[in-house]
Amino acid sequence: MTEQPPVTGRDDIDTACRDVADLSDVAITEHVDRLTRAHEVVSSALANVPLVALPKPGGPIEPQLPQPGR
């Protein structure tokens, strides 16, 4: 694999990313275990992160649907 896993600055997340960055040489039965562990690490890290408010509908980034007949 030519791409490197991301570096987040958190050792636990970086390790989890490295563990699942390239599963091509890993037995298929190990895939689920590694992906599950990575998911648990990332979920745990995000559990106490505050949510970011999204823009209100009608704001500048809301897509506009085409008007009928135009």
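Provide ILE13, ILE28 in ascending order of the number of other Cβ atoms located within 10 Å of each residue's Cβ, fewest first.
On the way: ILE13 19, ILE28 7.
Sorted ascending by nearby Cβ count, the order is ILE28, ILE13.
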If you filter segment 1-45 for trypsin sites (Lys or Arg not before Pro), then keep DSSP loop positions with at most 16 other Cβ within 10 Å, what is left? ARG10
How much length is gained if the chain between VAL20 and VAL7 is pulled fully straight, taking 0.36 nm per residue apart and subtracting their Cα-Cα distance, in nm to one decimal? 3.3 nm
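Since every read-out is calculated from the coordinates, none of them should be taken as a lab result. What you see is a predicted model, and the numbers here were worked out from it, not measured in a lab. Positions of Cβ are backbone-derived with ideal geometry, glycine not excepted, and every protein chain shown enters the neighbour counts.
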